[in-house]
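Asker: Next up is a structure, given as structure tokens.
The values are calculated or read from the model by the stated rules, or taken from the named source; none is laboratory data. Keep in mind that what you see is a predicted model, and the values were worked out from it rather than measured. Backbone-built Cβ (ideal geometry, glycine too); neighbour counts: all protein chains shown.
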Amino acid sequence: MTTIQIPLAKPVQHSRSLRQRIADNRWVYLFMLPSLILTLMFTLYPIFASFYYSLFQWSGFTSQPFYIGMQNFSEVIIDSQFYNAFRNSFIFMFCSVPIKLSLALIIAIVLNDRALRLAPIFRTMFFVPVVTTTAIVGIVMTFIMSPFNGPINMILLDLGLMGRPIDFFGDPKLALYSVVGVEIWKWLGIPMIYWLAALQTIPASLYEAAEVDGANWRHKFAYITVPLLKPFAVIIVLITAVGTLNVFALAMTLTGGGPYFASEVMEVYIYRTAFGAANSMTLPRIGYACAAAVYFGLSVMAVATLQLVGARWAQKERAGISAAETTAGGE
Amino acid sequence: MMTVKAKGLSSEEHQRRLEIRATRLREIVTTIILTPLALIWVYPFLWMVSAAMKTNNEIFRAGTNLLPAEPTFENFQRAWVQANMSQYFLNTVAIAAGSVFIVVATTSMMGYVLGRYRFPGRRIVIGVFVATVFLPKGYTIIPIFELIGNLGLDGTLFGVILAQSGGAHVIFILLFAGYFGQMPKELEEAAIVDGAGFLRVFFQILLPLAKPVIATVVIMQLIASWNDFLLPLVLTLPRPELRTLSVGMFAFRGEYFTDWSGMAAAATIAIIPIILVFLTMQRYFIEGIAGAVKS
């Protein structure tokens, strides 16, 4: 009797206990509900909906969508304006991220010096642009960098550095890089805080011990700071890179994508295709914009995944090397 | 022996003084290098406030001088009344207040259960939230617009509030989870012995203890909401009277393009409050940002 009962009772008991545990935790599930519903509605649903809408020809939110299969996708991929915006977004990322991160690291290392008594004030000054309203800062910057009486051009002219004013946002060759420059200025404070947080995890005693051994600042940087920052660096690069693709407010207010689409990034392209056409003669193309958004979203996730895989690989390599070192040391 | 020892001591003392002097020198040099750089960093805001108190004539004529010759507040009045900044200011405050309230409520409850309870499905929930970090916003704006429309909330402030609160807010949840997770178990055990239920334990005992995290979430969400552009731009397209400060200024740029002092005054009205909020609650904000890396 008992030998039969045991195998039978086991799965039953297991499922009962799971149900029991869920019932015991009903308050827990109730507490998660508001946050889960909001996330489902505004974060997860839009991902799947973007893909679904991209299968339709749909000119304006008031009109009827019309199923056309994968046609939007095959049309987007050969659209030179899509390609242009896509390329601009990635140029933007590859210009902005390295400059922003290295500048932020230098400033963070300087500010992390305990001898510097004014460090908190400097930190605040470098951080202030981060908290200011992006779209409004963008408009103010078009004045400040204006070729017509803008203060930056006036200062450059007064100093005799330029023969004539620079049209930062009007020159098709310069526009995208001018937006990158403003973006670096605006958001530098965030990676600076990331680096400062990471630097503060390094115990000061390590540097002191290195100093006793006669290490100079270059040794300390190469053999203490860099290796100990590496695990943080992976996540900092990832967060900063994804954030850099999110530049709608600046791109829209500084150049609006112009001149002649020279600085049009992906978000501006999607906005223009789905909403912006309301002011012009062409019809908005929502399904088409969704197809572009799906392509772009997938590429961003691919970049993020590549980065994570690369970081894992580098970590394993390093673990292998240090393991080899310890065994060698043991011998 | 005695003389040698004394000599050793004095050279040690000498060494220490040299080090202090080197540290001081390093401080002075870095301060001298950093000061102009930091001033360049805040220069756009100094220019903005200064231009807001000049006449258009003076901005174009006197050029780079930051001090206005005859400070005037007429520009602020023009921006506040004529350019409708007063209405936009109220809209922005209402949206910020609403989204801060919803976000604090939902993320604190979520963080509380994730940080303090072990239950079936916990790891799935965490996994979903972490995965959402990698989604760019431009990717989701069209379905959000459509969803708000289907809910009948298009052209309402509540629609903007809801859409802004709907981000996954992973960092806030992790901050709450970490904070609640490290509180001692005795806190609620004592309360439960006294007959307190799940709700009372949370709202009356644990939540009030999480004030530092609440402060961080309040200020971070306040600044994010105040500065948001894409969502309010898209959701207020049919209703200009619901525009926020940033959308309003963007819309008026074409109209008042030559009125630099008026635009500078409007920008000052929009930006100075949020800078002041940041300066007074800086510590909490910086902690929130740093929390993204630590967790």
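Asker: Given the residues B:L199, B:L237, B:L233, which is the only one that is more than 29 Å from A:Y194 (Cα to Cα), within 12 Å of chain A (Cβ to nearest Cβ), free of Cβ contacts under 8 Å to residues at least 60 places away in the same chain and not in a helix (DSSP H, G or I)?
Answerer: Going through B:L199, B:L237, B:L233 in turn, just one is more than 29 Å from A:Y194 (Cα to Cα), within 12 Å of chain A (Cβ to nearest Cβ), free of Cβ contacts under 8 Å to residues at least 60 places away in the same chain and not in a helix (DSSP H, G or I): B:L237.
Asker: Another question, if that's okay. Do we have B:A191 as surrounded by 15 or more Cβ atoms within 10 Å (Cβ to Cβ), more than 24 Å from A:Y53 (Cα to Cα) and free of Cβ contacts under 8 Å to residues at least 60 places away in the same chain here?
Answerer: Yes.
Asker: Having 1 or more residues that are more than 28 Å from A:I236 (Cβ to Cβ) is the bar; report the helices (runs of 4 or more DSSP H) wholly within the range B:241-295 that clear it.
Answerer: Answer list for the range B:241-295: B:245-253, B:260-280.
Asker: Looking at the range A:186-225, which of its residues are away from chain B (no Cβ under 13 Å), within 29 Å of B:I40 (Cα to Cα) and either of a type in the set (A, V, I, L, M, F, W, C) or touching a residue at least 60 places away in the same chain (Cβ under 8 Å) (or both)?
Answerer: A:F221, A:T225
Asker: On the given criteria, is B:A83 of a type in the set (G, A, S), at pLDDT below 85 and either under 30 Å from B:A163 (Cα atoms) or touching a Lys or Arg at 6+ places or on another chain (Cβ under 7 Å) (or both)?
Answerer: For B:A83, the condition - of a type in the set (G, A, S), at pLDDT below 85 and either under 30 Å from B:A163 (Cα atoms) or touching a Lys or Arg at 6+ places or on another chain (Cβ under 7 Å) (or both) - is met.
Asker: Tally up the residues in the range B:2-43 that are modelled with pLDDT of 85 or more and of a type in the set (V, I, T), please.
Answerer: 9
Asker: Okay, moving on. For the range A:179-220, what are the residues that are small (G, A, S) and surrounded by 21 or more Cβ atoms within 10 Å (Cβ to Cβ)?
Answerer: Hits for the range A:179-220 are A:G189, A:A198.
Asker: Suppose the filter is in contact (Cβ under 8 Å) with a residue 40 or more places away in the chain and either buried (at least 18 other Cβ atoms within 10 Å of the Cβ) or not acidic (D, E) (or both); does A:T240 pass it?
Answerer: The answer is yes for A:T240.
Asker: Based on what the data block shows, is B:L207 more than 20 Å from the chain's Cα centre (by Cα) and more than 8 Å from chain A (Cβ to nearest Cβ)?
Answerer: Yes; evaluated as a whole, the condition is true for this residue.
Asker: Something else now. A:A104 versus (1) in contact with a Pro (Cβ under 8 Å, 6 or more places away or on another chain); (2) crowded, with 16+ Cβ neighbours inside 10 Å; (3) outside the structural domain of A:K230 (by TED's automatic domain parsing): which is the lone unmet condition?
Answerer: (3)
Asker: Is it fair to say B:I102 is without any contact (Cβ under 8 Å) to a residue 40 or more places away in the chain, in a helix (DSSP H, G or I) and within 8 Å of chain A (Cβ to nearest Cβ)?
Answerer: No.
Asker: So which residues in the range B:252-275 are surrounded by 17 or more Cβ atoms within 10 Å (Cβ to Cβ) and out of contact with any helix residue (DSSP H, G or I) (no Cβ under 7 Å at 6 or more places or on another chain), if there are any at all?
Answerer: Hit for the range B:252-275 is B:F252, nothing else.
Asker: To continue, here is another question. Hey, could you check the range B:264-288 for residues that are free of Cβ contacts under 8 Å to residues at least 40 places away in the same chain and facing chain A (nearest Cβ under 8 Å) and say which is farthest from B:T107 (Cα to Cα)?
Answerer: That would be B:L279.
Asker: Something else: Here are some conditions: (1) surrounded by 20 or more Cβ atoms within 10 Å (Cβ to Cβ); (2) touching a Ser or Thr at 6+ places or on another chain (Cβ under 9 Å); (3) not assigned by TED's automatic domain parsing to the domain that holds A:G256. A:F143 meets all but one. Which one does it not meet?
Answerer: (2)
Asker: Now a separate question. Just the residues that are facing chain A (nearest Cβ under 7 Å) and either assigned to a helix (DSSP H, G or I) or buried (at least 22 other Cβ atoms within 10 Å of the Cβ) (or both), please, taken from the range B:106-128.
Answerer: Correct list: B:T106, B:T107, B:M109, B:M110, B:Y112, B:V113, B:V125.
Asker: May I ask you to verify whether B:Q164 is within 22 Å of the chain's Cα centre (by Cα), in a helix (DSSP H, G or I) and modelled with pLDDT of 90 or more?
Answerer: No; evaluated as a whole, the condition is false for this residue.
Asker: Are any of the residues in the range B:219-229 in contact with a helix residue (DSSP H, G or I) (Cβ under 9 Å, 6 or more places away or on another chain), outside any helix (DSSP H, G or I), within 11 Å of chain A (Cβ to nearest Cβ) and touching a residue at least 12 places away in the same chain (Cβ under 8 Å)?
Answerer: Yes, there is a match, as at least one residue in the range B:219-229 is in contact with a helix residue (DSSP H, G or I) (Cβ under 9 Å, 6 or more places away or on another chain), outside any helix (DSSP H, G or I), within 11 Å of chain A (Cβ to nearest Cβ) and touching a residue at least 12 places away in the same chain (Cβ under 8 Å).
Asker: Could you go through the range B:59-68 and let me know if any residue there is crowded, with 17+ Cβ neighbours inside 10 Å and either of a type in the set (D, E, K, R) or under 29 Å from the mean Cα position of the chain (by Cα) (or both).
Answerer: Scanning the range B:59-68 turns up no residue that is crowded, with 17+ Cβ neighbours inside 10 Å and either of a type in the set (D, E, K, R) or under 29 Å from the mean Cα position of the chain (by Cα) (or both).
Asker: Going by the structure shown, is A:V140 of a type in the set (A, V, I, L, M) and over 21 Å from A:M192 (Cα atoms)?
Answerer: yes
Asker: For the subset of the range A:49-71 comprising residues that are in a helix (DSSP H, G or I) and out of contact with any strand residue (DSSP E or B) (no Cβ under 9 Å at 6 or more places or on another chain), which member is nearest to the other protein chains (Cβ to nearest Cβ)?
Answerer: Per the stated criteria, the residue is A:A49.
Asker: Out of the range B:240-259, which residues are acidic (D, E) and either at the interface with chain A (Cβ under 10 Å from one of its Cβ atoms) or farther than 19 Å from B:G155 by Cβ (or both)?
Answerer: B:E255, B:D259
Asker: Give the range B:170-196 a look and list any residue that's within 27 Å of the chain's Cα centre (by Cα), of a type in the set (A, V, I, L, M) and assigned to a loop (DSSP other than H, G, I, E, B), or say none.
Answerer: Result: B:M183, single match.
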